[in-house]
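S.K.: One structure, as structure tokens, below. Some questions next.
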Amino acid sequence: MQLYGQYFGMVEAGYEVKSLRIHSMDDNKNYPIPHPDESPETVAEFERILDEMHSFDISGYIQTNEAKCRRCIYEPMCANGGCYDDKT
Ligand code: SF4
């Protein structure tokens, strides 16, 4: 969904985006992502997630997925402090 956010941001800024893809660092490969013009169901899912984000209350949220925090690039500055104890 982040890629769709970047897509719509670029389109709003006047750029023409002909294709979308993501790069996986796990296997060093690129993967094509359906273009919004060709995937109305993905656009609908993107809009549903936006609605969820707009109504989300962060004040009561506690991350419990330790694996996610261990791989998170924001962990060093996370206000939550990550969700595991043996950080180095
Ligand atoms: S380190 Fe913080 S921002 Fe990253 S996944 Fe965990 S709770 Fe979320």
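Values in this text are rule-based calculations from the coordinates and carry no lab data. In this text, all values refer to a predicted model and were calculated from it rather than measured experimentally. Every residue, glycine among them, receives a Cβ derived from its backbone with ideal geometry; neighbour counts consider all protein chains shown.
S.K.: At R0 = 25 Å, how high is the FRET efficiency between CYS78 and GLU45 if r is their beta carbon distance? Nearest 0.05 is fine. Spell out each step's value before the answer.
M.R.: On the way: r = 27 Å, r/R0 = 1.07.
That gives a FRET efficiency of 0.40.
S.K.: Another one. Out of ILE58, ILE22, ILE73, any idea which swings most in a Gaussian network model of the chain, alpha carbons joined below 10 Å?
M.R.: Checking each option, the largest mean-square fluctuation is seen for ILE73.
S.K.: For region 2-56, compute Rh as the Kirkwood radius over C-alpha pairs and then the Stokes-Einstein diffusion coefficient at 37 °C and 0.692 mPa s; write the answer in µm²/s, rounded to an integer. List each step's numbers first, then the result.
M.R.: Numbers: Rh = 12.5 Å.
D = 263 µm²/s.
S.K.: Suppose each label sits 7 Å from its Cα in the direction of the beta carbon; what would the GLU52-ASP37 distance come out to in nanometres?
M.R.: Result: 2.9 nm between the two label points.
S.K.: Okay, next question. Nearest 500 deg cm²/dmol is fine: what mean residue ellipticity at 222 nm does the chain get from its DSSP H runs of n ≥ 4 alone, each adding -39,500 (n - 2.57), divided by its residue count? Mind showing how you got there, number by number?
M.R.: Values: 3 runs with 32 residues, N = 88.
That comes out to -11000 deg cm²/dmol.
S.K.: Would you mind working out the magnitude of the charge dipole of region 2-56 relative to its Cα centre, with +1 at each Lys and Arg C-beta and -1 at each Asp and Glu C-beta, to the nearest 20 Debye?
M.R.: Values: 4 positive and 11 negative charges, 48 e Å.
It comes to approximately 240 debye.
S.K.: Within 10 Å, at most 16 other Cβ atoms, and a DSSP state outside H, G, I, E, B define an exposed site. Report the longest part of the chain free of exposed trypsin sites (Lys or Arg not before Pro). Mind showing how you got there, number by number?
M.R.: Working: sites that count: LYS18, ARG71, LYS87.
Free of exposed loop sites, the longest segment is 19-70.
S.K.: Can you list the HN-Hα couplings for region 54-61, worked out from phi with the Karplus curve (6.51, -1.76, 1.60; θ = phi - 60°), rounded to whole Hz and with x for Gly and Pro?
M.R.: Each residue of region 54-61 in turn: 5, 9, 6, 9, 5, 4, x, 8 Hz.
S.K.: If you line up the long axis of helix 2-12 against the longest principal axis of the chain, both from Cα atoms, how many degrees apart are they, to the nearest 10?
M.R.: Tilt of helix 2-12: around 50 degrees.
S.K.: Could you compute the FRET efficiency for PHE8 and THR64, with r as their C-beta to C-beta distance and R0 at 41 Å, rounded to 0.05?
M.R.: 0.85
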